[in-house]
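Colleague: The structure that follows is given in the form of structure tokens.
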Amino acid sequence: AQKVTQAQTEISVVEKEDVTLDCVYETRDTTYYLFWYKQPPSGELVFLIRRNSFDEQNEISGRYSWNFQKSTSSFNFTITASQVVDSAVYFCASSGGSYIPTFGRGTSLIVHP
Amino acid sequence: NAGVTQTPKFQVLKTGQSMTLQCAQDMNHEYMSWYRQDPGMGLRLIHYSVGAGITDQGEVPNGYNVSRSTTEDFPLRLLSAAPSQTSVYFCASSYSGTVNEQFFGPGTRLTVL
């Protein structure tokens, strides 16, 4: 069974601050996939990134970056120079050999102007 | 391309009533799934399907039925609604099981009185 822990329930920052959302996963699968999704206040779920267990390269996309470290079973997400539009709930998820993905409980990010 | 569509957007039921939440996708995805989202609980998988005619249980299947007669449609049936089923329901689809990102519908907010 897989487990995803997002220990930060809510983070509050002021615009232009950098913020890191933590994600720790547990799995017995040797091949697995990690994801981040964003849920803005409008409610829809939007895919942000996918990583497989063989690719530990960090990824940067504009103000977003992801740090995948197998040694600590972490897949953290950093937003640089946060903006009000980044306010959302962010979910980390994992999937392995079964067809049942596991989602974390989400981190609510509030960016104040 | 509509992506994943869900109807209705909102629904209020009385305890014991039955209803069907509709979900359709036009991306020819084989994998489809239903989640429920409760405050502080993240997303929990109810049922999933890996193709037409094939369905299986997720983490929280009790009280729900599904069927998959076509690739496009994956309805979720509540047989006898209970207040514990008050939740937001999301349908999702993906190209190849759970190794790829999932595309989510807009959600159905269900209240059971």
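FYI, it's all coordinate maths here, none of it is from the lab. The shown structure was predicted, so the numbers you read here are calculated from the model rather than taken from an experiment. Neighbour counts run over all protein chains shown; Cβ positions are idealised from the backbone, glycine included.
Colleague: Calculate the radius of gyration of the Cα atoms of region A:34-87 to one decimal place, then report Dmax, the largest Cα-Cα distance, as a whole number, both in Å.
Modeller: That works out to 12.2, 36 Å for Rg and Dmax.
Colleague: Taking the alpha carbon gyration tensor of region A:18-110, what are the square roots of 5 times its eigenvalues, largest first, to the nearest whole Å?
Modeller: Gyration-tensor ellipsoid for region A:18-110: 22, 15, 10 Å.
Colleague: Take chain B, mark every one of the trypsin sites (Lys or Arg not before Pro) that falls in a DSSP loop and has at most 13 other Cβ within 10 Å, then report the longest stretch left between them, sites excluded.
Modeller: Here the longest run is B:15-113.
Colleague: Tell me the chymotrypsin sites (Phe, Trp or Tyr not before Pro) within region A:1-73 that lie in a loop according to DSSP and have at most 11 other beta-carbon atoms within 10 Å.
Modeller: A:54
Colleague: Once you have the Kirkwood Rh of region B:1-68 from its Cα pairs, apply Stokes-Einstein at 37 °C and 0.692 mPa s and quote D in µm²/s.
Modeller: The estimated diffusion coefficient comes to 244 µm²/s.
Colleague: Which of the aspartates and glutamates could a cross-linker span from residue A:38 if the Cα-Cα distance has to be under 12 Å and same-chain partners fewer than 8 positions apart are dropped?
Modeller: A:86
Colleague: In Å³ and rounded to a whole number, note down the convex hull volume per residue for the Cα atoms of the protein assembly as shown.
Modeller: Cα-based convex hull of the protein assembly as shown, divided per residue, equals 122 Å³.
Colleague: Run a plain Debye calculation on region A:6-62 (Cα atoms as equal point scatterers, no solvent) and give log10 I(q)/I(0) at q = 0.19, 0.22, 0.29 Å⁻¹, rounded to two decimals, same order as the q list.
Modeller: Each listed q maps to, in turn, -0.98, -1.22, -1.38.
Colleague: Using just the C-alpha positions of region B:36-113 as equal point scatterers, what log10 of I(q)/I(0) does the Debye formula give at each q in 0.16, 0.19, 0.23 1/Å?
Modeller: Those come out to -0.61, -0.86, -1.25, one per q.
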